[in-house]
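**Student:** Got a structure here, written out as structure tokens. Questions coming.
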Amino acid sequence: MESKDLVRKSKYLSLILRHDPGKAGLTLDEQGWVSVNTLLKAIKWELSELKEVVDNNDKKRFEFSEDGRRIRASQGHSIDVDLGYEIIEPPEFLYHGTSRDNNKGISELGLLKMERHDVHLFDDKDRALDIAKKRRRNPCVLTISAKQMSADGYQFKLSTNNVWLTETVPPKYLIW
């Protein structure tokens, strides 16, 4: 599959599995899963196309169930799902890529989940920057005192594609 086509299909799959399953006439279960066969019929793809999109997604946004019969997005939902990730202790620091244009608001309000379930953080500064470069102009990386947040009662989860998730990051935990 050509790179442009792969990106287009990946974006469509993200829309269906993260934001609007109804657009394809689908309903996800409580944990965001849908039958692979049901999905393929709804979006009129072959299994090989779906596997290629899942395998080649640079952010590893999608996952198949252990038996390969269901699929879901790993994180980033704007719809109500419970991905079932366990609360775990984060590393000392985590990172968030954004635009410098957002820094004033972030310094006042912290990092907010906006229309998503969680704030997305990374344990690798370069990965946070790479993702910010793809979406933002004037990208920068913020450092979060995650271990201190955890000690203060904030909870963290780690998605299957190694994205750290938390509900909010108050300004006092940001290292400028």
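**Student:** Just one of L17, L40, L28 is at pLDDT 95 or above, surrounded by 13 or more Cβ atoms within 10 Å (Cβ to Cβ) and over 21 Å from the mean Cα position of the chain (by Cα); which is it?
**Tutor:** On the way: L17 fails: over 21 Å from the mean Cα position of the chain (by Cα); L28 fails: over 21 Å from the mean Cα position of the chain (by Cα).
Criteria check complete, one pass: L40.
**Student:** Could you list, in sequence order, all residues of the range 6-28 that are of a type outside the set (K, R) and free of Cβ contacts under 8 Å to residues at least 40 places away in the same chain?
**Tutor:** Here is the first cut: in the range 6-28, the ones of a type outside the set (K, R) are 6-7, 10, 12-17, 19-22, 24-28.
Listed by number, the residues that qualify are V7, Y12, L15, I16, G22, A24, G25, L26, T27.
**Student:** Need the failing condition index for E108 against (1) surrounded by 12 or more Cβ atoms within 10 Å (Cβ to Cβ); (2) at pLDDT 95 or above, just the number.
**Tutor:** If we test E108 against (1) surrounded by 12 or more Cβ atoms within 10 Å (Cβ to Cβ); (2) at pLDDT 95 or above, just (1) comes out false.
**Student:** Working carefully through the options K4, K59, find the one that is over 21 Å from L83 (Cα atoms) and modelled with pLDDT under 95. Show your work before the answer.
**Tutor:** Details: K59 fails: over 21 Å from L83 (Cα atoms).
From the options K4, K59, the qualifying one is K4.
Yes or no, residue by residue, for (1) of a type outside the set (A, V, I, L, M); (2) closer than 18 Å to K59 by Cβ:
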position	(1), (2)
F93	yes, no
K134	yes, yes
R137	yes, no
I144	no, no
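**Student:** I need the full set of residues from the range 132-151 which are under 18 Å from K113 (Cβ atoms) and either surrounded by fewer than 14 Cβ atoms within 10 Å (Cβ to Cβ) or touching a Lys or Arg at 6+ places or on another chain (Cβ under 6 Å) (or both), in order please.
**Tutor:** Of everything in the range 132-151, just one residue is under 18 Å from K113 (Cβ atoms) and either surrounded by fewer than 14 Cβ atoms within 10 Å (Cβ to Cβ) or touching a Lys or Arg at 6+ places or on another chain (Cβ under 6 Å) (or both), namely R135.
**Student:** From S65, S78, grab the single residue that is within 22 Å of K157 (Cα to Cα), within 13 Å of the chain's Cα centre (by Cα) and of a type in the set (S, T, N, Q).
**Tutor:** Values: S65 fails: within 13 Å of the chain's Cα centre (by Cα).
Residue meeting the stated conditions: S78.
The values are calculated or read from the model by the stated rules, or taken from the named source; none is laboratory data. Remember, predicted model here, so these are calculated numbers, not experimental data. Here the Cβ is made from the backbone with ideal geometry for all residues, glycine too, and neighbour counts use every protein chain on show.
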